[in-house]
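Computed from the coordinates by the stated procedures, all read-outs in this text should not be read as laboratory data. Being a predicted model, the structure only gives us computed values, none of them experimental. Cβ placement follows ideal geometry from the backbone for every residue including glycine, while neighbour counts extend to all protein chains displayed.
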Amino acid sequence: MLGSMLAIMLFLPGKATAQIETSFNSGVDLMSRYIWRGKNLGGSSPSIQPTLEYNLGGITLGTWGAFSMSDGLKVQETDLYLSYNIKDLFSVTITDYFLPVDTIVNNNYFEYNEDKTSHLLELSASFDGTEKIPFTLLAAVNFWGADALKSDGKKQFSTYFELGYNGTCKEVDYNIFLGFTPNSPDQEKGESGFYGPYAGVVNCGITASKEIQITDKFSLPVTTSFIVNPQAENVFLVVGISL
């Protein structure tokens, strides 16, 4: 799916560069731990998270990864995503999540049998907020692949919603967030949801970001997050820098 979209985009720049701005972006985040939507996916190890993007107007094709610095954790992550941004207000994104295992010589990236694949496709839509409307809203649903939520042998659609509030206090940007899942697996049958064992809040807290001036021409973005997962009865304090 994403491969065919990439093929289409490769033919666009030659005809549209005079009218549409294009660019490549790359970067890396160094995080003390990999926490995603209230789930601890990186153990207790720091995580290197590189990004590579190609932008064509409001369309972004990118890849993102999370790689543990510890030899004890062998599961890593390499994702592809295609996003369309509308006037910096709304975004629609298709993400292909893939978690290779370092101990396996061949992770079979091209295995697309849904019962065997390690790929997981997600469709998400978000409202990114404005100065006058500082609220953000994300809705995401898994629609194909290695989703853990099944009921009576039938795959359900694991869903995640997140509401956020953006603000600034003395040159520090912050986002207060609350994420929840509406899925309610049958616990009597031993079923477990992708985000948690029952419907409810799985991710809430606050993220604060600030640029620390190193020299006259260089500043270092630093991000700190306090995250609580009520269902897992767990709490995390994560710090990261962006390069």
Self-check item: For the stretch 234-240, Karplus couplings with θ = phi - 60° (6.51, -1.76, 1.60), whole Hz, Gly/Pro x
Solution: 10, 9, 9, 10, 10, 10, x
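Could you size up the charge dipole of the stretch 46-148 around its Cα centre, putting +1 on the beta carbon of Lys and Arg and -1 on that of Asp and Glu, and report it in debye to the nearest 20? All intermediate terms of the calculation are to be shown ahead of the outcome.
Values: 4 positive and 14 negative charges, 42 e Å.
Charge dipole, the stretch 46-148, about its Cα centre: 200 debye, nearest 20.
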Exercise. For the stretch 193-203, take each phi angle, set θ = phi - 60°, evaluate the Karplus expression 6.51 cos²θ - 1.76 cosθ + 1.60, and give the result in whole Hz per residue in order, putting x for glycine and proline.
Key: x, 5, 9, x, x, 7, 5, x, 6, 10, 7
Exercise. May I ask you to compute the full-extension gain from Phe226 to Phe135, defined as 0.36 nm times their residue separation minus their alpha-carbon distance, rounded to one decimal in nm?
Key: 30.9 nm
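Is the stretch 196-236 rounded, prolate or oblate when judged by the Cα gyration tensor, a ≥ b ≥ c being the square roots of its eigenvalues, rounded requiring a/c under 1.5 and prolate requiring a/b larger than b/c?
Values: a/c = 5.81, a/b = 4.72, b/c = 1.23.
Judged from the Cα gyration tensor, the stretch 196-236 comes out prolate (a/c at least 1.5, a/b above b/c).
Compute the Cα gyration tensor for the stretch 158-243, then decide on rounded, prolate or oblate, letting a ≥ b ≥ c be the square roots of its eigenvalues: rounded whenever a/c is under 1.5, prolate when a/b is larger than b/c in the other cases, and oblate in all that remain. Can you show the working numbers first?
Values: a/c = 3.64, a/b = 2.84, b/c = 1.28.
Since a/c reaches 1.5 and a/b is larger than b/c, the shape of the stretch 158-243 is classed as prolate.
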